[in-house]
Amino acid sequence: MQRTRTFGLLVLIALLVTIYTLTNSSRFHIIDEVSLFAVTESQALRGAIDTNAIAWTQWVNSPGEVLGAFGPNGDVYSKKGPAPAFLAVPWYLLFHIFTELNIGLGQLQTTLLWNGIVTAATAALLWLTARQLGYSDRTGMALGLLLGLATIAWPYANQFFGEPLSALSLLTLFYGMMAWRRNGGWWWMALAGVGAGVALATVTAHAVLILIFAGWGAFEGWRHFRCASSPTAPGNGVFQALAAMAAFATPVLLAAALLMLYNFVRFGNPFDTGYHFDAGEGFTNPLLAGLWGLLFSPYRGVFWHTPLLIASLIAFVPFAQRHRSEATLIALLSVALVTLYSLWWMWWGGFAWGPRFLTPLTPFWVLPLAVVIEPLTAQGISLGKKKRAQAVRNPDTRPGIPPSPKEHSERGEQFPSMHPLRTALVWFTGVMALLSFIVQLAAVSVNFVNYEIQLRSLYPTDWNDPLRYGPPAQSLADFLNSPVFGQFKLMAQGFVVNSDLGWLWAEGEPPQTVVLWLVVLIGAAAVMTLASFLALWWRMTVAPQKNTESIAAPTFALVVLVPALVIATWAGEVGRQPHYGRKDIGYRAIIRDICRTVSPTDVFVNVAPNSYQIPMNWMPGECKIDIPTYGYALDSLRHPQTERVLNRLIQQYERIWFVTSGVQPNDPDNTLERWLADHAFKAIDTWYEDYRLVQYATAVRLSGVEERPINQALLGRRAEQITILAVRSPSVALAGKPIPIEIRYRLETPTDQNLRWFVQLLSGQNIPLALLDTGPDDNYTVFSALPAREELIERAGVLVPANMPEGDYLLIAGLYNPDDEGARLVTVDGPDFVSLGAVRVVKQP
């Protein structure tokens, strides 16, 4: 029997994981996901917890919308609970092993499959929870499929939010307490405590739900202790009760302590979570407006987005009659969470599918359907009169403890006859399940964000109150504008162009359909294979004891290998999506070139907020050395935290890789590039289609280097005279890295000439092997605008080729006039350059 159940659980998980993979978009939908992913990336690659890679998200439409907060040093940290990000790290690292093999897997894309694993595990745990309540394995399988494919759990299995983990952790808490109540054993309460701890570390507000669980567990434990008549009852004995309490409390307190430590490390305050309550975030929404919005409004109403829950609401009545204690708990949890998020300032959850915040309750709302499903799935639907009479004469004497599955069957509670009302409920549940499946399939097939954008024109934001970002709760008169109908409107507008499937998209002008047929064919074969296994398992449950031996070990292995094959195929193919760039073109070419010569003393800074996904997807695999990433916006230097970080970077790292997107050099709005021109030493500036790669040296290699006097004048044919006073440059340079050169000079008389600097590294035969050509102040000014008779500084960098042989080379600098046929200024002694000294080039260790 146990072997058969294990086989069924594996089939359920494998089937759901396969379907979730095939319907995954392989991309983020809203920036909240990116914030969590950035924590996973930082932790997996560098053991850090910052989200500096998306620091630009700190400056958005409203102070209450920012996705994190600044730490004391200017670093950015996510305001999301850390558990989802941290628990995804092993999955991230698993695929990092493969991405480093240069086999074309995208690190971001593969990580986005994680919540599919979490949701499939939740469906399996729902099955086991139903078993604890005395229902059959077939009922458990049906509940798992309903949760996985007919509720909003499916869309969120394909997104990188924390809600799927909240659902799993809260259900684990419920399951552990029920198992302890039935079987005793402190380890079950320890399992419940782990679920509570993870729930707390996912969303701090879940503390309210944990208190309800704790109160319910204490009440049940007290009731059993008072009424226990069997030595196996879990409440029999004060010692057992204390052990259970300690087992539950320990992981919860540990999670709370780790959360406070996490907050202290980030913000220097154990109680600072990163939320901006002073800027408007908080539980400030009118309660009734939130209740209407989350439960009934066409915009976010839970019954619109999961019609199956209407049947659950009806089934709750017979469920409560049979399981009064569990039903009471579910009701309390529902009231608490719905009320909590009805009061939340952004109750609608931003750009999301349905009531995102209510996703953790979905397993609890599906569970009551067990009373409807059981008559259709249990083996002994019609019991003889003799057996029913025997069941009545031998009731379970343990008060409040639900019967085991075996006891459930023996007590004749499998609905020997179907009442007309129950038959009607069964049919209604079936219709609602089918309707819910269609709704969820539409949600994962086309990108719901596209319709959210369209809704903004119908329900514009009130910018006098920017915290109201997004449409209000719609009235029933607006039901045709519901996102549920919006998905089908998007299909009518163009299924392919609005596709949210990782293996289907449109590209080019006019749009051409791209289908990854390998994914489709292998995926279809996998679904059919697993469906046949499901049918096999279903037949076997008629007489599981007789069929157990027929489940061979290779069959178990095949069930596991099928979804693994689908994941591998999907991951290997979806990297071709244009959303992540084309190999060796544009941003991906930049990543290739950076990763060829990157070193631990490098840092990556970019101003490409609309292309953040490209380095997230490809840099971990391309670069054998994982370097810190800082992603900013053009105007980020208007905020003091950015300058604080940049000041730290130029003191800590020797080289800065700087990337911009669609921005011309020396753009006055690009505050970061302007700051780097004043503090760093530019060596190269190269275009890759619409992207630029700029390489800067920092002053780290100038530490301890004394300024060397030069005092040589350079004279031009038009009375220009510039005196190079002194220079600072290292005497030793590393092959493949830029040399920082600081030139102190003076313009002796005003000039109207457009002079430019050149700096070169010469071989023994005076052949330039590396050079830089730039205007004054890194092209931010011109010589005609410079003041005369004042000491000025020009910062320049010269990139030493990686293949340059070790040896001594000469570093020179000079000026030329591009408007005078490129004529160089000459010294009094005749040479048209000034020697800055010898440099010895060595290979990097």
Q: Give, as ranges by residue number, the residues of the stretch 652-677 whose backbone N falls under 17 Å from the point 7 Å along Cα→Cβ of ALA785.
A: 664-677
Q. Just how far, in whole angstrom, is the stretch 747-774 from the stretch 306-322 if you go by their alpha carbon centroids?
A. 80
Q) Between THR597 and LEU715, what is the label-to-label distance in nm when each label sits 7 Å out along the Cα-to-Cβ direction? A) 3.9
Q.
What FRET efficiency comes out for VAL732 versus LEU93 if R0 is 35 angstrom and r is the Cβ-Cβ distance? Round to the nearest 0.05.
A. 0.40
Q: Please report the orientation-averaged projected area of the stretch 1-128, defined via the convex hull of its C-alpha atoms, in nm².
A: 10.2
Q: First compute the accessible area of the chain with a 1.4 Å probe, then give the percent of it belonging to carbon and sulfur atoms.
A: 62
**Q.** Karplus (6.51, -1.76, 1.60) ³J(HN,Hα), θ = phi - 60°, over the stretch 790-798, in Hz, Gly and Pro reported as x
**A.** 10, 6, 10, 10, 10, 9, 9, x, 10
Q.
Please compute the length gained on full extension between ASN102 and ARG324, using 0.36 nm multiplied by the number of residues separating them and subtracting their Cα-Cα distance.
A. 74.3 nm
(Q) What are the membrane-span-like helices in the chain by this rule: whole DSSP H runs, Cα extent along the axis at least 20 Å, mean Kyte-Doolittle hydropathy at least 0.5? (A) 2-22, 114-132, 186-202, 207-227, 238-267, 308-322, 324-342, 420-445, 517-540, 553-574
Q: Over the stretch 665-804, average the accessible area per residue using a 1.4 Å probe and give it in Å², no decimals.
A: 41
Q) When Rg and Dmax of the Cα atoms in Å is calculated directly from the model, which label among [x] 32.9, 121; [y] 29.0, 88; [z] 28.0, 96 fits? A) [x]
Q | Residue-normalised accessible area of the stretch 563-654, expressed per residue, 1.4 Å probe, Å² | A | 37
Q) What ratio of Cα Rg to 2.2 N^0.38 Å holds for the stretch 99-242? A) 1.25
Q | For the stretch 670-723 and the stretch 92-164, distance of Cα centres in Å | A | 53
Q | Where the stretch 56-176 is the region considered: accessible area per residue in Å², 1.4 Å probe | A | 22
Q.
If amide hydrogens are placed 1.01 Å from N in the peptide plane, which non-local residues have theirs closer than 5 Å to the one on ASP500?
A. VAL446, ASN447
Q. Near the amide H of LEU836, under 5 Å away, which other amide H atoms are found, from residues 5 or more places off or on another chain, if H is placed in the peptide plane?
A. LEU811, ILE812, ALA813
Q. Relative contact order of the chain: what whole-number percent is it, with Cα pairs under 8 angstrom and at least 6 residues apart?
A. 13
Q. Can you list residues whose amide H is under 5 Å from LEU714's amide H, if they're 5+ apart or on another chain and H is modeled 1.01 Å from N?
A. ILE722, THR723, ILE724
**Q.** Between the stretch 1-77 and the stretch 780-845, the alpha-carbon center distance in angstrom
**A.** 48
Q. Just going by the charge dipole of the chain, with Lys and Arg at +1 and Asp and Glu at -1 on Cβ, which of SER599, GLY572, ALA331 is farthest out on the positive end?
A. ALA331
Q. To the nearest 20 debye, what charge dipole does the chain have about its Cα centre, counting +1 at the Cβ of each Lys and Arg and -1 at the Cβ of each Asp and Glu?
A. 4600
Q. What's the extension gain from TRP59 to ASP752 if we count 0.36 nm per residue and subtract their Cα-Cα distance?
A. 245.3 nm
Q: Find the lysine pairs in the chain meeting two conditions, Cα atoms under 23 Å apart and a separation of 8 or more places or different chains, and report how many there are.
A: 11
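The values are calculated or read from the model by the stated rules, or taken from the named source; none is laboratory data. Here the structure is a predicted model, which means the values were calculated and not measured. Here the Cβ is made from the backbone with ideal geometry for all residues, glycine too, and neighbour counts use every protein chain on show. What goes into the accessible areas is simple: the full protein's heavy atoms, side chains included, and nothing from ligands, DNA or RNA. Shrake-Rupley method; radii C 1.70, N 1.55, O 1.52, S 1.80 Å.
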